Every structure is written in structure tokens, then in C-alpha cells.
Amino acid sequence: MSIIIIFKMIGALALLIYGMKVMSEALQKMAGSQLRHILGAMTTNRFTGMLTGMFITVSVQSSSATTVMTVSFVNAGLLTLAQAISVIMGANIGTTLTAWIMSAGFSLNITDFVWPAFFIGILLIYMRKHRYIGDFLFGVAFLFFSLGVLSQTGKEMDLGHNADLAAFFASFNPNNFFTIVAFLLIGTILTCIVQSSAALMAITMVLCTSGVLSIYPGIALVMGENIGTTLTANVAALTGNTQARRAAMAHLFFNVFGVLWILLCFYPFVNMVCSFVGVDPTVARLNPVRLSLVLAAFHTAFNITNTCILIWFIPQIERFCIWAVKAKTNEEEEDFRLRYIGGDTIMKTPELSVLEAQKEIQSFAKRIQRMFGFVRELLGTTDDTAFTKLYSRIEKYESISDNMEIEIAKYLNTVSDAHLSDDTKAKIRAMLREISEIESIGDSCYNVARTLNRKKAGKEDFTDKQYEHLHQMFELTDDSLTQMNVLLAGRKDSFDANRSFNIENEINNYRTQLKNQNINDVNNHEYTYEMGTMYMDIICECEKLGDYVVNVVEARMGTRQKGA
């Protein structure tokens with residue numbers, strides 16, 4: 001076999017994966033945030049959830065894209081695990097369209113028709129207004145071109161007359177159940193290695209249409225690809241949080257359960273699918289065009305039937321996933337650990353990367369509010385041991401805050417190197433500003449803690465009236481942080497930013513009032529000048545913290561307001 005032909009095969013597979021990636025990214029850019037809004041709004045019950053998952057996967061041609069968005073919504077509390085399971089079921093049906101596209105590529109000689117698509121695509125890319133449509137055309141053209149090359153290369157290899165290969169596959173009896181299990185395992189292992197079920201589907205079609213692989217082992221390979229693609233997702237989810245791992249487990253359960261019941265009635269089910277396509281599986285030499293249609297039809301029939309069975313048992317699947325994936329005891333551990341970003345996958349798109357980064361920023365903001373809660377607790381702590389322990393905890397959070405800002409910024413900068421929509425570019429700029437301001441909030445919390453530590457080392461203490469004012473200022477500051485987290489966790493079009501600006505005005509006015517009162521209290525010898533200075537340092541730091549919160553709100557809302 002010529003080395004040139006082998007490289008053509010490998011190159012065509014690489015082009016296939018790249019074409020699907022470009023097509024998926026372009027569709028996501030054209031859809032913008034609408035897909036996420038649809039996903040949040042249309043999952044009221046198991047059937048609408050399933051249809052939504054199917055619709056989005058067909059729209060973006062990427063089940064992994066749908067799964068990432070689904071897990072993200074579960075983490076945000078916008079979807080329950082049960083709703084996520086129904087969406088994943090729909091995503092499995094939607095992804096079968098890819099098999100039909102490949103079947104069309106093998107069935108029809110469309111290579112000559114991709115050249116106009118390339119030409120129109122490059123024209124649209126240079127017309128900025130329609131560049132995403134151009135990207136999409138390029139992706140489709142790459143996809144069909146690679147399928148044409150694969151089909152042509154299969155013929156050039158003349159695999160049907162390759163004695164060694166024919167002897168190897170002939171050594172397996174297609175009517176033997178152990179042969180089916182063996183090819184099922186081979187499909188699973190190869191998909192885990194290649195990390196692309198689409199590439200393995202293309203290889204299976206090449207083998208079947210060339211005549212060296214009969215229909216039964218070919219379908220067993222397709223079943224293995226279904227399991228292999230979910231194992232990859234489970235490995236990727238190992239570093240994620242509990243809900244991410246449970247969603248990945250649900251995906252694995254769906255496909256493994258489907259494969260198990262298919263194995264119990266394998267030959268009758270495959271024969272039924274073949275009859276739909278008009279193919280007799282017992283014929284030794286089948287029409288190659290029909291063979292590719294059988295593989296696509298089986299893939300669709302398998303996922304639709306499996307969904308029709310399992311959609312009635314979603315509560316039971318949810319309970320199984322919760323039992324199988326226990327919550328981490330250190331889910332809220334006080335160590336530096338990014339929860340949503342950091343894992344690179346071959347099919348991850350910039351649009352989804354930005355969504356994951358937004359979830360990381362939400363986690364960052366919640367952590368900072370916890371840090372402020374420790375500062376509030378520190379103010380009322382009188383025991384030396386407890387004070388030292390709490391102060392060390394705040395120091396650790398300050399270090400975590402610095403690291404989180406750096407790592408999220410690095411991630412966003414990496415994402416920004418890709419070809420992005422204008423909307424996504426604006427989001428990244430806003431998110432970089434958000435993390436900078438959130439880190440400044442962490443600095444303010446630490447500065448307040450340092451002032452309290454300095455006060456603790458001295459001989460004097462605040463007066464009851466000072467403590468009362470500090471607690472009231474802390475309450476206002478915590479309210480502003482709560483509003484910030486509500487905004488970051490929800491949709492900005494349903495958030496009333498005036499609440500945040502009103503709280504900031506209250507903080508400013510209260511700071512001014514306390515500043516004037518402090519001068520009078522020091523002059524009246526109610527406390528020393530030194531205590532008055534530390535007292536006002538804390539008050540002013542809270543006012544600065546409120547300004548940082550408003551800056552985060554402005555960045556998220558995409559507005560500029562007049563602050564103090």
C-alpha cells in the first residue's frame with residue numbers, strides 16, 4: 001500500500017475533524033447567546049428538554065457544545081440534573097445528523113461542488129458583515145471535500161482485493177455474537193484514542209463501502225463509538241465539580257444501557273433497520289451506497305429508540321448518577337482550584353470557552369464575598385487563637401484571589417487569539433475588567449483585616465458606637481456584594497442596576513457622615529486620634545470596595561454610570 005495513500009487517508013480525517021470544528025464554531029457565532037437562552041427557557045419538562053437538546057445539537061453540529069452548555073446551566077442552578085439528562089438525550093439524537101451527512105458524502109460524488117462553496121465562502125469572509133456565513137461554508141466545504149477524498153482513497157486502496165486485510169476480517173464470523181462484542185470493544189478503544197467519533201464513523205464507512213467489513217461488525221464498531229465518546233467526556237469531567245461529573249455519568253449511562261439492550265436483540269434489530277433501507281444483510285457483496293445508509297440509519301434508530309425507552313426513567317437515572325458520583329467533601333475547599341476552565345478539548349469552541357470563563361468569574365465573586373464574610377466575623381472575634389486562625393484564612397483567600405485573576409486572564413487572553421465574533425470580543429474585554437475589579441475587592445478585604453490585626457496588637461479598642469457604625473457599614477457593603485453576585489449569576493436584561501448604584505450612594509453618604517462625626521469625636525476625646533485613624537481606614541476601605549463593586553456591575557451591564 002502506497003505511503004502517499006496512507007497520508008491521504010490521515011490528512012482527510014484531519015480535514016474532516018477541522019471542517020466540523022469550523023462549521024460548529026461558525027454556527028455558534030451566528031446564533032450568539034440565543035442558544036443559551038433557548039436552552040434555559042425550553043426545558044420545562046423532559047420532552048421539551050429532549051427536543052431542545054436535539055434542536056441545538058442539529059443547529060451547531062456538536063453534541064459536546066450542547067453538553068458543555070447544559071452542564072454550565074446545571075452548575076448555575078438554572079437547570080436541574082433531571083432536565084440536563086433530557087437535554088443530553090436530545091443531543092444524542094441530534095448528533096446522528098452527522099452520520100447522515102457522512103453517508104451523503106460517501107453516496108454522492110459532491111467533491112466538484114465544494115469549489116464554489118470555497119469561493120463564495122472566502123468572498124463572504126472578506127465582507128465583514130457576512131463572515132460567519134463564509135466560515136460556515138468553508139467548514140461545510142472542508143467536511144464534504146474530506147469525505148470525497150476518503151471515499152476516493154478507499155477505492156484507491158482497493159481494500160476489497162487486499163488479501164491480508166480480507167483474511168483478517170474473514171477470520172471473524174459476522175454471525176458469531178463474540179465477534180460483535182469484539183468489534184464493540186475495538187470501536188470503544190479506538191474512539192477513546194482518536195477522541196473523535198466522527199473520524200471513526202468515517203473509517204467504518206470506508207471499510208464497509210470497500211467491501212472488507214460486513215454490516216454486522218461495522219454496526220458493532222458504531223456502537224463502540226457511542227460508548228467511546230462518552231468515556232472521553234467522563235475523563236474530562238474528572239477535574240470538574242460534582243454536577244459536571246454526574247452529567248457526564250448520565251451520558252455514559254444512556255449509551256451503555258442502549259448498547260446492552262441492543263446486544264440482547266442485536267441481529268433482529270439490525271435486520272429491521274436494514275429492511276427500512278432496503279438492504280439484505282445476508283448478501284455477501286452489498287451496494288456500498290446502501291451500506292453507508294444502513295450505518296447512518298442504525299445510528300439514528302439506536303438513539304431514538306434508546307431515548308423513547310429511557311425518557312420515562314429520568315428520575316431513576318438521576319438517582320443512579322447521584323449515587324454513583326458522590327459529592328466531594330472538599331467541594332468548597334480553601335485551596336486555589338479553578339472549577340470550570342483549564343481543560344483543553346479538541347472540539348471546544350471560543351464561544352463555549354467564554355461561557356466557562358463566565359462561570360469561573362461567578363465562582364471567583366462568590367469566593368470574594370465569603371472572604372468579606374470572614375472579615376465581618378474577624379471584627380467581632382475577641383479570642384486570640386480564633387482571631388489568628390481567621391486572619392490566616394483571610395490571608396490565604398487574598399493569595400487565591402491574586403492567582404485566580406492571573407489564571408482567568410491568561411485563559412481569556414488565549415481564547416481571544418481565536419477568530420471571534422464582535423459580541424464575544426466585547427464580552428472578553430468586559431470580563432477582563434470584571435476580574436481586575438473583583439481582585440481589587442479582595443485587596444480591600446485584606447486591607448480591612450490588616451487594620452483589624454493592627455488594632456488587635458494595640459492596647460486600645462473601638463468604642464461601642466464605633467463598632468455599631470462599622471457593623472452597619474459592613475452590612476451595606478455585603479448588600480452591594482450580594483447584588484453583584486446576583487447579576488453575575490443571572491441575565492443582565494432582568495437585573496435592575498439601580499439597586500447597586502443606590503447602595504453605593506448610601507455607602508458614600510454614610511462614609512461622609514462618619515468622617516465628619518469622627519473629627520468631632522476625636523476633638524471631644526471620645527477616643528484617641530490613632531483609633532479614629534484606624535476606624536476611618538476601615539470605613540474608607542469599605543467605600544472603595546463599594547466603588548469596585550459598581551465597576552464590576554458596569555462592566556457586566558456594558559454601561560458607564562457616574563459614581564462618587
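Below is a table of values for the structure above.
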| quantity | calculated |
| --- | --- |
| Long pairs among K359/K389; K389/K410; K425/K492; K427/K492; K389/K544; K396/K427, criterion Cα-Cα beyond 23 Å | K359/K389; K389/K410; K389/K544; K396/K427 |
| Estimated inter-spin distance, D280 and A182, nm [label 7 Å along Cα→Cβ] | 2.7 |
| Spin-label model distance (nm) - A167 vs I6, 7 Å beyond Cα toward Cβ | 1.9 |
| Rounded accessible area of K21 (nearest 10 Å², 1.4 Å probe) | 50 |
| Charge context of E506, other residues only, Cβ under 12 angstrom, K/R +1, D/E -1 | -2 |
| F254, F313, F320, F144, ranked by accessible area, largest first (probe 1.4 Å) | F313, F320, F144, F254 |
| Local electrostatic count at R450 - Lys and Arg +1, Asp and Glu -1, tallied over other residues with Cβ under 13 Å | -2 |
| Spin-label model distance (nm) - F387 vs S494, 7 Å beyond Cα toward Cβ | 4.5 |
| Accessible surface, per residue, of the stretch 422-532 when the full set of protein chains is kept, probe 1.4 Å, Å² | 51 |
| Additional length obtainable on full extension of the chain from D422 to I193, 0.36 nm per residue less Cα span | 78.9 nm |
| Net charge over other residues, Cβ less than 13 angstrom from the Cβ of N518 (K, R count +1; D, E count -1) | -1 |
| Two-site FRET efficiency, N508 against S399, from Cβ-Cβ distance with R₀ of 35 Å, rounded to 0.05 | 0.70 |
| Accessible surface of the stretch 353-460, 1.4 Å probe, proportion on carbon and sulfur as whole % | 47 |
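The values are calculated or read from the model by the stated rules, or taken from the named source; none is laboratory data. Predicted, not measured: the structure shown is a model, and the values here were computed from it. Virtual Cβ from ideal backbone geometry, glycine too; neighbours counted across all protein chains shown. These area figures cover heavy atoms from the full protein model, side chains too; ligands, DNA and RNA do not enter into them. Shrake-Rupley method; radii C 1.70, N 1.55, O 1.52, S 1.80 Å.
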